[in-house]
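This report concerns only the one structure given below.
The values are calculated or read from the model by the stated rules, or taken from the named source; none is laboratory data. No experiment lies behind these values; they were computed from the predicted model shown. FYI the Cβ positions are ideal-geometry reconstructions off the backbone, even for glycines, and counts take in every protein chain you see.
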Number of protein chains: 2
Amino acid sequence: MTYQELSQEELLKIKAELVDEYEKFKARGLKLDMSRGKPSSEQLDLSMDILDPAYIADAKAQDGVDCRNYGVPLGLPECRELFGELLGVPARNIIVCGNSSLNIMYDYIAQCMVSGSGAEPWMLQGKIKFLCPAPGYDRHFKVLESFGIEMITVPMLEDGPDMDVIDELIKDPSVKGMFCVPKYSNPEGKVFSPAVVRRMAGLKPAAKDFRVIWDNAYFVHDLYDTAPELLNIFEACREFGSEDMFIEVASTSKITFPGAGVSVIAASDNNIELIKKRMGVQIICHDKLNQLRHVRYFKNADGIKAHMKRHAAILRPKFQAVLEKFDSEFSGLGIARWTEPQGGYFISLDVLDGCAKRVVSLCKDAGVVLTGAGAAFPYGKDPKDSNIRIAPTYPSVEELSLALELLCICVKLAAAEKLTAQK
Amino acid sequence: MTYQELSQEELLKIKAELVDEYEKFKARGLKLDMSRGKPSSEQLDLSMDILDPAYIADAKAQDGVDCRNYGVPLGLPECRELFGELLGVPARNIIVCGNSSLNIMYDYIAQCMVSGSGAEPWMLQGKIKFLCPAPGYDRHFKVLESFGIEMITVPMLEDGPDMDVIDELIKDPSVKGMFCVPKYSNPEGKVFSPAVVRRMAGLKPAAKDFRVIWDNAYFVHDLYDTAPELLNIFEACREFGSEDMFIEVASTSKITFPGAGVSVIAASDNNIELIKKRMGVQIICHDKLNQLRHVRYFKNADGIKAHMKRHAAILRPKFQAVLEKFDSEFSGLGIARWTEPQGGYFISLDVLDGCAKRVVSLCKDAGVVLTGAGAAFPYGKDPKDSNIRIAPTYPSVEELSLALELLCICVKLAAAEKLTAQK
């Protein structure tokens, strides 16, 4: 029977039991942080060998460049080759940057504000807007907010953002672009279907300077061998000649080390030319020693894929622990829905409408920090107050089990509180 | 006797001899690049030990943070401490960033364009201007040019920029700031005197959002133990309460590895707060493993200073080779003046007015690439066409001697050409 079908009396009894369980948990003085999608220590250990100086003792790249010195602003040719292979684009369409794809995206938007993306600088075009498939990645929204770009929420369907809604919204020429995570979307772990990718490629926005930031953060981050493929956006663009509309980014933050990995841009010839021009003013070069480490350690795309299987072996039990727990605790109660991602770093949990903030707050008071409720929505405002991003990667399986135990109590308690207050 | 005092006949004879010498050089098929201020391989070798993984095998920072993972956007506390010690500011006024101080400066200007520095965004204030002490660093000028900021040249005197000129120019509220390299200025190697630093600190610009980018690129890059001290700008500011006007940057690009070092911002509490806010949106963290490497390898400011003595030992003979050659070739001829820096990466050579482009072109045709003539001036335009930036650090002493031989021939030849054409 669902909570909604229970009598007030039954609910009050359940609520009393839950309060009791909750207070016991609180007394244990837990201290767990599940707020961000961070790799665990065990995952970081997988990449320690890359730090072996033998990989860079001969610091000469294939073309003879000394990677210890200035130069090669677009990245080592062999490193561009490696990521070109992984992303399915020619090496000339890849730029290897520093450690942060977020920084690439921020810079790209900053550049559009100041210099534009083919038309007037965005900053001089008055109010401009971006489409935000939501739930989405909070840091994308923060970037847009920081530049004063108005965010318009687009609902996420099972196979990607609602393309019908997007088709309507882009008739407004002040709508200048869109952020998305096409594979294992943050936080739902959804993969854009081939049909959605094709519709994205075929978009006909009124704004000629419309740009989609294709944040392929989890491009090789599969949990299972049966993982779904993401259609190559640049291949899809060919039919429409829309390559200039897409800026793809990726990084090794969750392949080797967050903060000490490399990030890449994949873009059309035209966009590479523009970014190259800006980058030539902005920086002399990125960390080529780190690029060389990555290339020599992984050798090729297969090397990275093999490495990702080792990550998956660590992550699978954690994702499974969450899904099994949700299944056993919530099935049939009518108080929670959740996604079952095949990769990425998150699971999205929808609790009873109006309860997400309460759940996060209850967990926090008992020592488990979750991502703030609403974080996955523009301006941090979840219209239904129901979405909670679960980040199961960082804690150990034991810690995770404890945190899940608490979380499930809190989800039920918040639901019981709400329903009893309503009756 | 100076070239100017010679008869046309004497000059023509000299010219003929020089053409002869030049053609012989050309036939040798040299291929040397002296265009940029790059460390030599020998210098890079000095820092190879920093790559020993033993320094980061225990990747836990002093406060227990795992440097392999996300977090600590302002940089490791111990690394902020290290650079605070070197720059004479409290650690809380330091942010440790990625590999590039140029990138910090670019970002800072970008931020001022989009969000302003205490007033309206610069981009919405119409035409704005920057003061450019010249000769100066070409990449500073390129940043300003890329943002469409008008550059006003300020003459460099012996002890820094002409402060009387600056005092006049800053009465214009559209003058928003100034770039400078206060120690071993690029390319002249001049050090701002204490009086100039004090006058800088005491500037009273009409624009309340005026900012000085204090590019302390060569802060520990002395060639001699008797090197002049640069007055600490933030100490100088105390008297005037003008700390917010200055953004100081530095890096280890020429201490460890260009591209694989760390860079820092030193700024007032207010500015750190603003930069922190922006940086929190822009990037999750910089490369903390590299920060940890630097801290553990150098230990403290003395460690860096000792390391710089090893650099100086390699660089001194190169600087001396240039100065001795110029002295022996040009003394008394009236066709060249040059600076005698006590540190930094450059020597500035002034040839006969109207001859710099010709000299650079002659050298290039004979296989020696110098920095483009005019590069040290806003818009790449040297009004006198006389300045050439000499970058003696990268070639070996042998290569440098060859290049100098050629350069001296070209300087004389260009002078002889000009003077014979005039007579």
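Annotations
- Scanning the stretch A:255-280 for residues that are surrounded by fewer than 22 Cβ atoms within 10 Å (Cβ to Cβ) and over 29 Å from B:Tyr137 (Cβ atoms) yields A:Ser268, A:Asp269, A:Asn270.
- Only one of the numbered conditions (1) of a type outside the set (Phe, Trp, Tyr); (2) buried (at least 20 other Cβ atoms within 10 Å of the Cβ); (3) part of a helix (DSSP H, G or I) is not met by B:Pro395, and that is (3).
- Per the conditions (1) in contact with a Leu (Cβ under 9 Å, 6 or more places away or on another chain); (2) away from chain B (no Cβ under 14 Å), the sole criterion not satisfied by A:Ser361 is (1).
- Selection within the stretch B:325-350 - within 23 Å of the chain's Cα centre (by Cα) and exposed (fewer than 15 other Cβ atoms within 10 Å of the Cβ): B:Arg337, B:Glu340
- Selection count, the stretch A:240-252, where residues are part of a loop (DSSP other than H, G, I, E, B) and touching a helix residue (DSSP H, G or I) at 6+ places or on another chain (Cβ under 7 Å): 3
- Every residue from the stretch B:22-54 that is surrounded by fewer than 17 Cβ atoms within 10 Å (Cβ to Cβ) and over 29 Å from A:Tyr70 (Cβ atoms): B:Glu23, B:Lys24, B:Ala27
- Subset of the stretch A:55-101 (residues that are crowded, with 21+ Cβ neighbours inside 10 Å, outside any loop (DSSP other than H, G, I, E, B) and of a type in the set (Ser, Thr, Tyr)): A:Ser101
- Condition check for B:Lys31 on (1) at pLDDT 95 or above; (2) more than 9 Å from chain A (Cβ to nearest Cβ): one failure, at (1).
- Residue among A:Asp385, A:Asp353 that alone is surrounded by fewer than 21 Cβ atoms within 10 Å (Cβ to Cβ), in contact with a Gly (Cβ under 8 Å, 6 or more places away or on another chain), in the same structural domain as A:Val19 (by TED's automatic domain parsing) and among the acidic types (Asp, Glu): A:Asp385
- Taking the numbered list (1) within 14 Å of chain B (Cβ to nearest Cβ); (2) modelled with pLDDT of 95 or more in turn, A:Leu87 passes all entries but (1).
- Residue, farthest from the other protein chains (Cβ to nearest Cβ), within the stretch A:236-256, restricted to residues that are more than 23 Å from the chain's Cα centre (by Cα) and on the phi < 0 side of the Ramachandran plot: A:Glu239
- Test: A:Lys412 is surrounded by fewer than 21 Cβ atoms within 10 Å (Cβ to Cβ), in a helix (DSSP H, G or I), of a type in the set (Lys, Arg) and assigned by TED's automatic domain parsing to the domain that holds A:Glu23: no
- Filtering the stretch A:22-40 to residues that are in a loop (DSSP other than H, G, I, E, B) and more than 21 Å from the chain's Cα centre (by Cα) leaves A:Arg28, A:Gly29, A:Leu30, A:Lys31.
- Looking across the stretch B:208-239 at every residue that is among the aromatic types (Phe, Trp, Tyr) and in a loop (DSSP other than H, G, I, E, B), the one that is surrounded by the fewest Cβ atoms within 10 Å (Cβ to Cβ) is identified as B:Tyr224.
- Figure legend. Inter-residue proximity from the stretch A:167-188: first residues on the phi < 0 side of the Ramachandran plot, second residues in a helix (DSSP H, G or I), beta-carbon distance below 7 Å, spacing 6+ or different chains. Indicated pairs: A:Val175/A:Leu169; A:Lys176/A:Trp122; A:Phe179/A:His140; A:Pro182/A:Val197.
- Residues located in the stretch B:257-273, provided they are hydrophobic (A, V, I, L, M, F, W, C) and more than 12 Å from chain A (Cβ to nearest Cβ): B:Val264, B:Ile265, B:Ala266, B:Ala267, B:Ile272
- Number of the exception - A:Tyr108 against (1) hydroxyl-bearing (Ser, Thr, Tyr); (2) crowded, with 24+ Cβ neighbours inside 10 Å; (3) more than 10 Å from chain B (Cβ to nearest Cβ): (2)
- Apart from one condition, A:Pro135 fits all of (1) surrounded by fewer than 24 Cβ atoms within 10 Å (Cβ to Cβ); (2) over 18 Å from A:Phe246 (Cα atoms); (3) touching a Phe, Trp or Tyr at 6+ places or on another chain (Cβ under 7 Å); (4) of a type outside the set (Val, Ile, Thr); the exception is (1).
- One residue stands out among those in the stretch B:257-280 that are farther than 26 Å from A:Leu289 by Cβ and assigned to a loop (DSSP other than H, G, I, E, B): the one that is nearest to the chain's Cα centre (by Cα), which is B:Ala267.
- Test: residue in the stretch A:113-121 that is of a type in the set (Ser, Thr, Tyr), in contact with a helix residue (DSSP H, G or I) (Cβ under 9 Å, 6 or more places away or on another chain), within 23 Å of B:Thr252 (Cβ to Cβ) and in contact (Cβ under 8 Å) with a residue 40 or more places away in the chain: no
- Set A:Ile283, A:Ile314: member being touching a residue at least 12 places away in the same chain (Cβ under 8 Å), in contact with a helix residue (DSSP H, G or I) (Cβ under 6 Å, 6 or more places away or on another chain) and buried (at least 22 other Cβ atoms within 10 Å of the Cβ): A:Ile283
- B:Cys285 meets the conditions (1) more than 14 Å from chain A (Cβ to nearest Cβ); (2) touching a Pro at 6+ places or on another chain (Cβ under 6 Å); (3) of a type outside the set (A, V, I, L, M) in every case but one. The failed one is (1).
- Once the stretch A:359-382 is narrowed to residues that are among the aliphatic types (A, V, I, L, M) and within 14 Å of A:Thr153 (Cβ to Cβ), the residue that is surrounded by the most Cβ atoms within 10 Å (Cβ to Cβ) is A:Ala376.
- Only listed residue being among the aromatic types (Phe, Trp, Tyr) and outside any loop (DSSP other than H, G, I, E, B), chosen from A:Tyr379, A:Tyr345: A:Tyr379
- Verdict on B:Val220 being more than 19 Å from B:Leu86 (Cα to Cα) and outside the structural domain of B:Gly344 (by TED's automatic domain parsing): no
- Residue match in the stretch B:51-66 (condition: hydroxyl-bearing (Ser, Thr, Tyr) and either in contact with a Pro (Cβ under 9 Å, 6 or more places away or on another chain) or closer than 30 Å to B:Asp365 by Cα (or both)): no
- Of A:Ser146, A:Ser117, all but one fail to be among the small types (Gly, Ala, Ser) and either within 8 Å of chain B (Cβ to nearest Cβ) or farther than 19 Å from B:Ala110 by Cβ (or both); the exception is A:Ser146.
- Subset tally (residues that are facing chain B (nearest Cβ under 9 Å) and either among the aromatic types (Phe, Trp, Tyr) or part of a loop (DSSP other than H, G, I, E, B) (or both)) for the stretch A:41-54: 2
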